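Asker: So that we are looking at the same thing, I have put the structure below in structure tokens.
The values are calculated or read from the model by the stated rules, or taken from the named source; none is laboratory data. Keep in mind that what you see is a predicted model, and the values were worked out from it rather than measured. Neighbour counts run over all protein chains shown; Cβ positions are idealised from the backbone, glycine included. Heads up: the accessible areas ignore ligands, DNA and RNA and are worked out on the full protein's heavy atoms, side chains in. Shrake-Rupley method; radii C 1.70, N 1.55, O 1.52, S 1.80 Å.
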Amino acid sequence: EGAARIGKSLKDLRIIWWPTVSIDEDWGKVREHLSARMASTLRHAYYDYKRGVTREDELPVPVDFARRIAEEYNFLEHATAEAHHGKLLDQVPDKVFKQLLAGTPQEVAAVLRQVLDSYPEIEQVVLHIPVGTKRLGAADVIRNFATKVKPLLN
């Protein structure tokens, strides 16, 4: 849509996809790993709603909950693994987390394949791996990608 507005197609653009990713067989570890990052994402969604860029029905969580996340977000804990605002997401449904590139190696490989097949114009994928937790670190996610996801993509 954006390309068309400026008279171009996706083939005219250099597209790099930067998905936030967490990979592990244990969904609890994945949710915990992504919680602080997801809180920041929901905070931005709420700010977009307040500015009129996003409609209430486009928010991934109820507007009152998004407001609470934005109000309780602690910028001193931004990009830290054990951020308090991440704990607020315990009540967020799994489907919201699944909007990220998250889950088992098989789930992540399936989403990657679907997106890359749907958008062959994507030139490069750069994995955004949040700061690790005690139970799931960035090295674990990279290892899981290299040894369990990548072989499924070949």
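Asker: I want to verify a result. In a Gaussian network model of the chain, Cα cutoff 10 Å, which of these has the top mean-square fluctuation: ARG135, ARG14, ARG143?
Answerer: Judging by the Gaussian network model, the answer is ARG14.
Asker: Please report, to one decimal in angstroms, the Kirkwood hydrodynamic radius of the chain built from all distinct Cα-Cα pairs.
Answerer: For the chain, inverting the mean 1/r across all distinct Cα pairs yields 16.8 Å.
Asker: Next question. In whole Å and largest first, what semi-axes does the C-alpha gyration tensor of the range 62-152 yield when each eigenvalue is scaled by 5 and square-rooted?
Answerer: Result for the range 62-152: semi-axes of 28, 17, 12 Å.
Asker: Here is a further query. Per residue, how much accessible area does the range 31-100 show when a 1.4 Å probe rolls over the protein heavy atoms, in square angstrom?
Answerer: 57 Å²
Asker: Pick from ASP12, ASP57, ASP94: which is most flexible by mean-square fluctuation in a GNM of the chain where alpha carbon atoms under 10 Å apart are linked?
Answerer: Most flexible of the set in this elastic network: ASP12.
Asker: List the lysines whose Cα lies under 19 Å from the Cα of LYS87, skipping any in the same chain that are fewer than 8 positions away.
Answerer: In chain and number order, the partners are LYS29, LYS95, LYS98, LYS134.
Asker: Could you order the peptides 102-110, 45-53, 119-127 from most to least packed, using the average number of other C-beta atoms within 10 Å per residue?
Answerer: Most protected by this proxy first, the peptides run 102-110, 45-53, 119-127.
Asker: One-quarter of the Cα convex hull surface for the range 15-90, in nm²?
Answerer: 6.2 nm²
Asker: For the chain, give the percent of accessible area contributed by carbon and sulfur heavy atoms, probe 1.4 Å, rounded to a whole number. Don't skip to the answer; put the middle values down first.
Answerer: On the way: 4770 of 9150 Å².
The C+S portion of the solvent-accessible surface of the chain is 52 percent.
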